[in-house]
1. Quick query: amide H of Arg58 versus all other amide H atoms, modeled in the peptide plane; which residues come in under 5 Å with a sequence gap of 5 or more or a different chain?
2. Per residue, how much accessible area does segment 11-55 show when a 1.4 Å probe rolls over the protein heavy atoms, in square angstrom?
3. Where does segment 7-99 land on Rg(C-alpha)/(2.2 N^0.38 Å)?
4. At 7 Å along Cα-to-Cβ for each site, give me the label-to-label distance between Tyr110 and Leu10 in nm.
5. In whole angstrom, how far apart do the alpha carbon centroids of segment 19-47 and segment 83-105 sit?
6. What percentage of the solvent-accessible surface of segment 61-109, computed with a 1.4 Å probe over protein heavy atoms, is contributed by carbon and sulfur atoms?
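The values are calculated or read from the model by the stated rules, or taken from the named source; none is laboratory data. Only a predicted model underlies this, so the values are computations on that prediction, with no experimental measurement involved. All Cβ positions, even for glycine, are placed from backbone atoms using ideal geometry, and neighbour counts span all protein chains on display. Keep in mind that these areas ignore ligands, DNA and RNA; they rest on the heavy atoms of the full protein, side chains included. Shrake-Rupley method; radii C 1.70, N 1.55, O 1.52, S 1.80 Å.
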Amino acid sequence: GVQILFGFLLTVPFSNRFGQVTTLQKVVYALTFLSCTVAAALLIAPVSRHRQMFRQGRKAELVMRSDLLAQSGLLALMVTVTGVVFLVMDVLAGLAAACPLAVSVACVYYWLWYYPARTPVARWGEEEDRIEADERSTGRE
């Protein structure tokens, strides 16, 4: 998914209307494009790490590093999506609508991705884990 977004962002400067964008839009586009590049690298990196470290008895290290890479990649993806929302809404509805909508999107992503223990969504999985543990302990799998 990140690679597809990267492909779309790659085409933007070559469109006919790109010369008409404001300086703010160019800056936001550049940051969005670069954060997408970083997100792709960070989200793909655990695959390469796994292949390099497979069967070396370093599972804990692999899991720890992969988690850090994935969390960092999600943060870069959040910046990317926020930038895309800002740019699209700025063109469609103006700066007054783009700013609060982009901030709102960033807040929703942050809340869903970085506060899982505090959200009801995370508790769903915890309940399923508890039920599975109960079933294993009573032999009812």
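1. none
2. Accessible area per residue, segment 11-55: 71 Å².
3. 1.42
4. Between Tyr110 and Leu10, the label points sit 3.1 nm apart.
5. The distance from the Cα centre of segment 19-47 to that of segment 83-105 comes to 16 Å.
6. 81 percent
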